[in-house]
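Here the structure comes first, spelled out in C-alpha cells, and everything after it is commentary.
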Amino acid sequence: MSLQVELEQHRNVLIVRLRGELDHHTADIVRFKMEDAILRGRCDHVVLSLKDLTFMDSSGLGVVLGRYKLVKSRGGRMVVCDTQSSVKRLFELSGLFKILSFYDNERSAVASLEVVS
C-alpha cells in the first residue's frame with residue numbers, strides 16, 4: 001500500500017494527515033512535503049493526524065522526530081492525534097510520548113495549539 005499526504009493550514013497551524021503506510025519507501029515523501037510546508041508557510045505549529053495511518057516503521061519515527069526538531073527550533077510545537085493502536089505502540093516503545101503530546105482527535109489537537117499561539 002502507498003501513502004497519501006494531505007496538508008491543510010488552519011491559521012498558524014499546519015495539519016498533516018497521513019493515510020496508508022509510512023515506511024522507508026515513503027518516508028522521503030513525507031519529509032519533503034512537511035519541510036516544504038513548514039519552511040514556506042506561516043505555520044508555527046504542526047498537528048500530525050494519523051487516523052488513517054495503518055503502518056509505520058522506524059523510518060517513519062525518524063521523519064516525525066526530525067520534523068519535531070525543525071518545528072521546535074522555530075519556536076513551535078508539534079502534536080499527534082488519532083493514532084491507531086499499532087502506531088501508538090510504536091510511539092510508546094520509541095519514547096516519543098515523552099516529547100510529543102497526543103490527543104484523541106484533530107479538533108482537540110488544534111485547540112491545544114491555538115491556546116499557545
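The values are calculated or read from the model by the stated rules, or taken from the named source; none is laboratory data. Keep in mind it's a predicted model, so treat the numbers as computed, not measured. Don't worry about glycine lacking a Cβ; one is built from the backbone with ideal geometry, like all the others, and counts go over all protein chains shown. Side chains included, ligands, DNA and RNA excluded: accessible areas come from the protein's heavy atoms. Shrake-Rupley method; radii C 1.70, N 1.55, O 1.52, S 1.80 Å.
Values for this structure:
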item	result
Segment 13-117 - accessible surface per residue (Å², probe 1.4 Å)	51
Helix-only CD estimate at 222 nm, as mean residue ellipticity for the chain, using -39500 (n - 2.57) per DSSP H run (n ≥ 4)	-13500 deg cm²/dmol
Two-site label geometry, residue 51 and residue 73: point separation in nm, points 7 Å out along Cα→Cβ	3.2
Accessible area (Å², 1.4 Å probe, nearest 10) - residue 88	80
Lysine pairs with alpha-carbon atoms under 16 Å apart, segment 3-110, spacing 8 or more or separate chains	5
Farthest toward positive dipole pole in the chain [+1 Lys/Arg, -1 Asp/Glu at C-beta], among 2, 25, 61	61
Cα gyration tensor shape for segment 61-117, rounded if a/c is under 1.5, else prolate or oblate	oblate
For segment 26-40 versus segment 48-100, the gap between their alpha-carbon centres in whole angstrom	14
Folded to 0 to 90 degrees: helix 106-116 orientation relative to the chain principal axis, Cα	40
Relative contact order (%) - criterion: Cα under 8 Å, at least six apart; region: segment 3-110	26
Alpha-carbon Rg with Dmax, taken over the chain, Å	12.7, 37
Helix 85-94 vs. the chain, principal-axis angle (Cα, 0 to 90°, nearest 10)	80
